[in-house]
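The values are calculated or read from the model by the stated rules, or taken from the named source; none is laboratory data. All values reported here derive from a predicted model rather than from experimental measurement. As a convention, Cβ positions derive from the backbone with ideal geometry for all residues, glycine included, and neighbour counts pool all protein chains shown. These area figures cover heavy atoms from the full protein model, side chains too; ligands, DNA and RNA do not enter into them. Shrake-Rupley method; radii C 1.70, N 1.55, O 1.52, S 1.80 Å.
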Protein chains: 2
Amino acid sequence: MENEALTAVTLESKLLLKARVFEVHEKLIKLPSGSQVTRQMVAHPGAAVILPLDSEERVVMVRQYRFSAEKALLELPAGTLEIGEEPLICAKRELEEEVKCSARDWQRLGILFPAPGFCNEVQHCFMARDLEPRAAEGDEDELIEVERLSVAQVEEAIRSGELIDGKSVACLFKARLGGYI
Amino acid sequence: MENEALTAVTLESKLLLKARVFEVHEKLIKLPSGSQVTRQMVAHPGAAVILPLDSEERVVMVRQYRFSAEKALLELPAGTLEIGEEPLICAKRELEEEVKCSARDWQRLGILFPAPGFCNEVQHCFMARDLEPRAAEGDEDELIEVERLSVAQVEEAIRSGELIDGKSVACLFKARLGGYI
């Protein structure tokens, strides 16, 4: 569905800053009108988001301290891709590290752009079922606790404002529309 | 629900970069274990996201070119807050600018953190109903077309991967759980 009126062209791109998990690039862009604008963008390697459902149909979530929010948020397990990494490999690693589980049944739920206004991050969403416990080392810099919620409890957490992590809410709706929860 | 095991303290914060709509800050953080880590964070003024529902129960969406994604995405209308701006004021302005409508019925759907792993952006979500056309100037740098979709069409767009904007999918689920759509 290309639409020329909605298509611009990047003429130049330069690196402004290199941080631990993202970079900032500055782009010179030509609009369809012919005029040129300069925009700064966060370049991110992408992420995997996992919706693990246990044998009692509970969603296995994590409560994790977030420096950006200055508090702990209730979220689905997720993690940043290594450069060039296949998203499913990342999803399997993060499920082990964050909730100490592996899964025998994986289903793709598609992708999401969490912040397309200024960032190119793509989140790859997965259902993980048929879980089994797995000993795994966590990331020592991550402050995480595991919580298991019924689907009704998850919905109430969204309604009440307890669950405000965008990727988790969006991934749960994708799973709902896919008939998984 | 403060939990000391999940609480860290920011010891220092410095500005690394100032872009048009965001800044990058570097923070020195003390973990509960006592160890210190350095993290870079995108500081963002926040945004308003609007779910406009017309008199025929169609969702009024925008198809918008995104430099970050290098293509046009189907999204709910949204916009960045001015510094210190009340989110509802921003929501009303963006509804006028992007879809040339005003609304007589506004309802709050709560907040979302789109990318808490590296960014402090908070999105304030609103239902907008009882719409009426309104002449308004658009932002000339924004490449936008308006599309009206039934709720069934929106759901199919999420299932098919046509609708991949995270805030839109999450805001639609909040509206669903609130009984609005």
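Checking each residue in region B:147-176 for being within 7 Å of chain A (Cβ to nearest Cβ), in a helix (DSSP H, G or I) and buried (at least 21 other Cβ atoms within 10 Å of the Cβ) picks out B:158, B:166, B:167, B:169, B:170, B:172, B:173, B:174. What do you reckon, is residue B:130 among the acidic types (Asp, Glu) and open to solvent by less than 10 Å² (accessible area, probe 1.4 Å)? No, not satisfied. Filtering region B:101-122 to residues that are under 14 Å from residue B:87 (Cβ atoms), part of a loop (DSSP other than H, G, I, E, B) and among the aliphatic types (A, V, I, L, M) leaves only B:122. Selection of region B:133-146 for residues being within 7 Å of chain A (Cβ to nearest Cβ) and open to solvent by less than 40 Å² (accessible area, probe 1.4 Å) yields only B:143. Applying the set (1) under 30 Å from residue A:72 (Cα atoms); (2) in a loop (DSSP other than H, G, I, E, B) to residue B:136 leaves exactly one unmet item: (1).
In the list A:112, A:31, A:15, which residue meets the criterion of being in contact with a strand residue (DSSP E or B) (Cβ under 8 Å, 6 or more places away or on another chain) and assigned by TED's automatic domain parsing to the domain that holds residue A:171?
On the way: A:31 fails: assigned by TED's automatic domain parsing to the domain that holds residue A:171; A:15 fails: assigned by TED's automatic domain parsing to the domain that holds residue A:171.
Just one listed residue meets the conditions, A:112.
What about residue A:62, is it in contact with a helix residue (DSSP H, G or I) (Cβ under 8 Å, 6 or more places away or on another chain), more than 30 Å from residue A:27 (Cα to Cα) and either open to solvent by less than 50 Å² (accessible area, probe 1.4 Å) or not basic (Lys, Arg) (or both)? Spelling it out, residue A:62 is indeed in contact with a helix residue (DSSP H, G or I) (Cβ under 8 Å, 6 or more places away or on another chain), more than 30 Å from residue A:27 (Cα to Cα) and either open to solvent by less than 50 Å² (accessible area, probe 1.4 Å) or not basic (Lys, Arg) (or both). In region B:97-108, the residues that are at pLDDT 95 or above form no Cβ pair under 6 Å with any partner that is of a type in the set (S, T, N, Q), whether six or more places apart or across chains. Residue A:91 meets the stated requirement of being buried (at least 20 other Cβ atoms within 10 Å of the Cβ) and under 13 Å from the mean Cα position of the chain (by Cα).
Exactly one residue among A:70, A:57, A:137, A:142 is modelled with pLDDT under 95 and on the phi > 0 side of the Ramachandran plot, and that residue is A:70. For region A:67-82, the criterion of being surrounded by 20 or more Cβ atoms within 10 Å (Cβ to Cβ), away from chain B (no Cβ under 14 Å), touching a residue at least 24 places away in the same chain (Cβ under 8 Å) and not basic (Lys, Arg) is satisfied by no residue at all. If the condition is being among the acidic types (Asp, Glu) and either under 16 Å from the mean Cα position of the chain (by Cα) or open to solvent by less than 20 Å² (accessible area, probe 1.4 Å) (or both), then region A:97-127 contributes A:97, A:98, A:121.
The set of residues from region A:1-10 being of a type in the set (Val, Ile, Thr) and assigned to a loop (DSSP other than H, G, I, E, B) comprises just one member, A:7.
Selection over region A:46-93 of residues that are within 21 Å of residue A:158 (Cβ to Cβ) and among the β-branched types (Val, Ile, Thr) gives a count of 5. Among residues of region B:14-33 that are among the aromatic types (Phe, Trp, Tyr), those with a Cβ under 6 angstrom from a residue that is open to solvent by less than 40 Å² (accessible area, probe 1.4 Å), sequence gap 6+ or separate chain, pair up as B:22/A:118; B:22/B:42; B:22/B:44.
Residues in region B:11-57 that are more than 10 Å from chain A (Cβ to nearest Cβ), outside any strand (DSSP E or B) and open to solvent by 40 Å² or more (accessible area, probe 1.4 Å): B:45, B:55, B:56, B:57.
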